[in-house]
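The values are calculated or read from the model by the stated rules, or taken from the named source; none is laboratory data. Predicted, not measured: the structure shown is a model, and the values here were computed from it. Note that we place each Cβ from the backbone using ideal geometry, even for glycine, and neighbour counts take in every protein chain shown.
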Amino acid sequence: MKLLFLFGDAAVGKMTVGQELCKITDLRLFHNHMTIEPVIDIFGYFSGGTIEKLRKVIFEDFAASDNYGMIFTFMFAFDSPYDWECLEETKKIFEPYGTKFYYAELVAPLEIRLERNKTLNRLENKPSKRDLETSEQRILRDDERHRFVSFEGEIPFENYIKIDNTNLSAAETARIIKERFSL
């Protein structure tokens, strides 16, 4: 089993790169909004605890499956001990199955991310982002509150790559990840 953690700031292109990576590998995509959106629909608001429980069930069942592997996309606040703990807890679910872990960080400047925030693919897959003014304010607020770009040497894991995808298509970025990790 392989588990690719695909992380980066809001609207950097994680989901879209993950979709492209699925086309050229046998990995399955689990982007973070696959649990966020149904919970918002049901509850009428973001319920972090419920989202975490759903993710855990999916991780547990997927880890025990015969699937080749998974791409999990998420925003990683490097200044948040909680985010580091969540990463380790996810790894603990997969470790008993001999899972090999990979880490791909995407980075792009704010102006690019604000443009990507408006893309049709994003809006189709993430209904909570369709109120563009609110979504843009959330991006700006999150950037003020946390650091979503790693410092040089901060990521201690093997099988790590950091890609500035400012001028790369999602397909090009996916090919880089696939080749780097022989996925």
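Quickly run through the stretch 86-115 and pick out the residues that are in contact (Cβ under 8 Å) with a residue 40 or more places away in the chain, over 15 Å from the mean Cα position of the chain (by Cα) and closer than 30 Å to LEU132 by Cβ. Matches in the stretch 86-115: PRO109, ILE112, LEU114. When restricted to residues that are in contact with a strand residue (DSSP E or B) (Cβ under 8 Å, 6 or more places away or on another chain) and either farther than 17 Å from ASN159 by Cβ or outside any strand (DSSP E or B) (or both), the stretch 1-24 contains 11. Within the stretch 104-119, the set of residues being at pLDDT 95 or above and in contact with a Lys or Arg (Cβ under 9 Å, 6 or more places away or on another chain) comprises ALA104, GLU105, LEU106, VAL107, ALA108.
Checking each residue in the stretch 171-181 for being surrounded by 13 or more Cβ atoms within 10 Å (Cβ to Cβ) and without any contact (Cβ under 8 Å) to a residue 12 or more places away in the chain picks out only GLU172. Highlighted here are the strands (runs of 3 or more DSSP E) found entirely within the stretch 68-170 that include at least 2 residues which are surrounded by 19 or more Cβ atoms within 10 Å (Cβ to Cβ) and at negative phi: 69-74, 100-107.
Matching residues to (1) over 30 Å from GLU136 (Cβ atoms); (2) at pLDDT 95 or above; (3) of a type in the set (Val, Ile, Thr):
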{"position": "ALA10", "(1), (2), (3)": "no, no, no"}
{"position": "MET15", "(1), (2), (3)": "no, no, no"}
{"position": "CYS22", "(1), (2), (3)": "no, yes, no"}
{"position": "PHE30", "(1), (2), (3)": "no, yes, no"}
{"position": "ILE42", "(1), (2), (3)": "no, no, yes"}
{"position": "LYS56", "(1), (2), (3)": "yes, yes, no"}
{"position": "THR73", "(1), (2), (3)": "no, yes, yes"}
{"position": "LYS92", "(1), (2), (3)": "yes, yes, no"}
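PHE62 passes every criterion in (1) surrounded by 13 or more Cβ atoms within 10 Å (Cβ to Cβ); (2) touching a helix residue (DSSP H, G or I) at 6+ places or on another chain (Cβ under 6 Å) apart from (2).
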